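The values are calculated or read from the model by the stated rules, or taken from the named source; none is laboratory data. Bear in mind the structure is a predicted one, so any value in this text is a computation, not a measurement. Neighbour counts are summed over all protein chains in view; Cβ atoms, including those assigned to glycine, are modelled from backbone coordinates with ideal geometry. Just so you know, the surface numbers come from the protein's heavy atoms only, side chains and all, with ligands and any DNA or RNA stripped out. Shrake-Rupley method; radii C 1.70, N 1.55, O 1.52, S 1.80 Å.
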Amino acid sequence: MKVLVINAGSSSLKYQLIDIEGEKLLAKGLCERIGFEDSVHKYAKSDGFCTESILSLHNHVEAIDAMLRLLSNEETGVIKAMDEIKAIGHRVVHGGEAFNQSIIIDDNVLDTLRQCIDLAPIHNPANIMGIEACRQELPGIPMIAVFDTAFHQTMPPKAFMYALPYELYKKYGIRKYGFHGTSHKFVMKRAACMLGRPAEELKLVSCHLGNGASICAIENGKSVDTSMGFTPLSGLAMGTRSGTIDPALISFIMEKEEMSIEETTAFLNRKSGVLGLSGISSDFRDLLKASGNGNVRAKLAIDVFAYRVKKYVSEYIGVMNGVDAIIFTAGIGENNSLVRKLVTDNMEFFGIKCDCEKNKSDTGVEMDISTDDSPVKILVIPTNEEMEIALEVKRVLNV
Ligand code: ADP
C-alpha cells in the first residue's frame, strides 16, 4: 500500500511516497518559495534519479499538482495512476488537548484544527492549507492527521502545568504541549528493537537535536516530560531559538533595545540560540569548524548547547528514577560526536559510559556507542518522522 506523507509549511511543501508494506521510500520532494515567481521544486526517487526545477507555484494546490505530475510521469514517476495512492498522512504541528492521537480527517476535525490556530499561528494554518489542497487535488483518498504534540499528551499535570494562575489554563489552554513527538516516538520504538525489550518496560531519555531541539523523558512507552513547552521556543538552546530564559528578560530586552512584542518574539526565535551566542552560524558544522580554529564564541555556543542537554538528561533520569538508554537523534544527535561526548562525559554516577572509539564514527547510522560494561546504553538512531507518519496512517486505517 502506497502512502503519501505531506509536511506543509507556510511557503514550502515536503512530501514522501512510502510503500508501507516494505517500509520503503519510493520518492520524495520539496517545493520551496511557494507564492513567489521563482519557486523551487526538488524531487528524488529511491533509485537515485533526481531533478530540480524553478517554476512559479502560486499556492499549495499548484505545489500538489506539480508533485503529482512528477510522481506519475512516465519518466520520473513511481506510480502509473493516482489511485495507487491509498492514503495521505499529514504532519500537523499542534493538536492542542483535542487530539491525543492521530485521527482521520473529516470536516469536524478540520474545524477543531482551525480552533487550534491560536496555539500555533505560524504552523497550523500552513498544515491546514496542505490538507485543503490535497482534498481538492486528490478527493476521496483517506487523510490522517499526525500531530507533533500527540505523543506528549500522556504527561501528567505536574509536568505540563506552568506555575501561573490556573484560570489561564482554562481560558487560553496555557500549558506545556511539547513537540517533535513523532520523532521521539519513532526512536523510542527503534530503541526498544535495539535493546530487545518492549518499550512498555523501558525508561528512555530521547534527545532530538536538530535546528529545533527537544528532550523527552519516556517511561513505559509514554512521554512523561519534555523540554519544549507551550511553543517550540522553550527548553534547549537551539540553532536560532533562545530556549528557556528568565521571563523577566523579555520586558528588559524590549525596553533596552526598544523593540516591539513582534520584534522581540522574532529576536528570540531567529537571532538567538547558538547563532546569537557565536555570532557566526546556527549550523553546527560551521561552529565545529570555527571552534576548531580557536573561535572562542563558537566554542561557548557548543558548550552552552551541550550543557543544557546534559542538564535535561540528568533531570529526566531523576524524574524517572533511572534510565535504560539515552537516545541521540536528528542532525546534531546523529552526526556530531563532540556534542554526544560533551553530554555523556562525567555521567558515570548515572551508569552512563560512552565508548570514545564507537562514538567517533559520525556516519549517521544506528549504533550503540556505550562501553560494553555501561549499565545505561547510549544509542544513536537516525530519526524518520515521515516513516512514523506512514506507520500511523497504517495503524489508524487498520490495514
Ligand atoms: P531541522 O530538521 O530541525 O532543520 P536537522 O535535524 O536537519 O534540523 O539538523 C540540523 C543540524 O544538524 C545543523 O546544526 C547541522 O549542522 C547539523 N548536522 C547535520 N549534519 C551534520 C554533520 N555531518 N556533522 C555535524 N553536524 C551536522
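Out of Ser46, Ser10, Ser39, report the one residue that is more than 20 Å from Asn127 (Cα to Cα) and of a type in the set (Gly, Ala, Ser).
Within the list Ser46, Ser10, Ser39, the selection yields Ser46.
What pairs come out if I take residues in segment 232-248 that are of a type in the set (Gly, Ala, Ser) and pair them with residues that are part of a loop (DSSP other than H, G, I, E, B) and open to solvent by 60 Å² or more (accessible area, probe 1.4 Å) whose C-beta lies under 8 Å away, six or more apart or interchain?
Every condition considered, the pairs that remain are Ser234/Thr244; Gly235/Thr244; Gly239/Asn211.
Select the helices (runs of 4 or more DSSP H) contained entirely in segment 230-337, then report the ones holding at least 2 residues which are within 16 Å of the ligand (Cβ to nearest atom) and within 30 Å of Glu200 (Cα to Cα). Steps first, answer last, please.
Working: elements: 248-257, 261-270, 273-278, 284-292, 296-320, 330-335.
Here the list reads 296-320, 330-335.
Taking segment 338-391 only, how many residues are charged (D, E, K, R), assigned to a helix (DSSP H, G or I) and within 23 Å of the chain's Cα centre (by Cα)?
Summing the residues that are charged (D, E, K, R), assigned to a helix (DSSP H, G or I) and within 23 Å of the chain's Cα centre (by Cα) in segment 338-391 gives 5.
If we scan segment 186-203, do we find a residue that is more than 20 Å from Ser370 (Cβ to Cβ), surrounded by fewer than 19 Cβ atoms within 10 Å (Cβ to Cβ) and within 14 Å of the ligand (Cβ to nearest atom)?
no
Those residues that are farther than 22 Å from Ala213 by Cα, without any contact (Cβ under 8 Å) to a residue 40 or more places away in the chain and not in a helix (DSSP H, G or I), I need them from segment 121-174; list them, please.
Those that are farther than 22 Å from Ala213 by Cα, without any contact (Cβ under 8 Å) to a residue 40 or more places away in the chain and not in a helix (DSSP H, G or I): Pro139, Gly140, Ala163, Leu164, Pro165.
Take Ala87 and tell me if it is at pLDDT 95 or above, part of a strand (DSSP E or B) and under 18 Å from the mean Cα position of the chain (by Cα).
No.
Can you find a residue in segment 106-115 that is part of a helix (DSSP H, G or I), in contact (Cβ under 8 Å) with a residue 40 or more places away in the chain and more than 19 Å from the chain's Cα centre (by Cα)? Spell out the reasoning first.
So the first thing to find is which residues in segment 106-115 are part of a helix (DSSP H, G or I), and the list is 107-115.
Now restrict to residues that are in contact (Cβ under 8 Å) with a residue 40 or more places away in the chain: none.
Scanning segment 106-115, I find no residue that is part of a helix (DSSP H, G or I), in contact (Cβ under 8 Å) with a residue 40 or more places away in the chain and more than 19 Å from the chain's Cα centre (by Cα), so the answer is no.
Across segment 206-227, what is the total count of residues that are surrounded by fewer than 24 Cβ atoms within 10 Å (Cβ to Cβ) and within 8 Å of the ligand (Cβ to nearest atom)?
Adding up the residues that qualify gives 3.
Among the numbered criteria (1) modelled with pLDDT of 95 or more; (2) open to solvent by less than 10 Å² (accessible area, probe 1.4 Å); (3) over 18 Å from the mean Cα position of the chain (by Cα), which one does Gly181 miss?
(3)
Looking at segment 12-63 only, could you name the residues that are under 20 Å from Glu84 (Cβ atoms), of a type in the set (Asp, Glu) and in a strand (DSSP E or B)?
Scanning segment 12-63 gives a single hit, Asp19.
Can we say Val323 is touching a Cys at 6+ places or on another chain (Cβ under 7 Å), touching a residue at least 60 places away in the same chain (Cβ under 8 Å) and crowded, with 21+ Cβ neighbours inside 10 Å? Before the answer, list the steps.
Values: touching a Cys at 6+ places or on another chain (Cβ under 7 Å): no; touching a residue at least 60 places away in the same chain (Cβ under 8 Å): yes; crowded, with 21+ Cβ neighbours inside 10 Å: yes.
Here the answer is no, as Val323 does not meet what is asked.
Of all residues in segment 339-366, which are surrounded by 18 or more Cβ atoms within 10 Å (Cβ to Cβ) and within 16 Å of the ligand (Cβ to nearest atom)?
Val339, Arg340, Val343, Asn359
From the list Leu26, Leu70, pick out the single residue that is touching a residue at least 24 places away in the same chain (Cβ under 8 Å), in contact with a Lys or Arg (Cβ under 8 Å, 6 or more places away or on another chain) and open to solvent by less than 70 Å² (accessible area, probe 1.4 Å).
Working: Leu70 fails: in contact with a Lys or Arg (Cβ under 8 Å, 6 or more places away or on another chain).
Residue meeting the stated conditions: Leu26.
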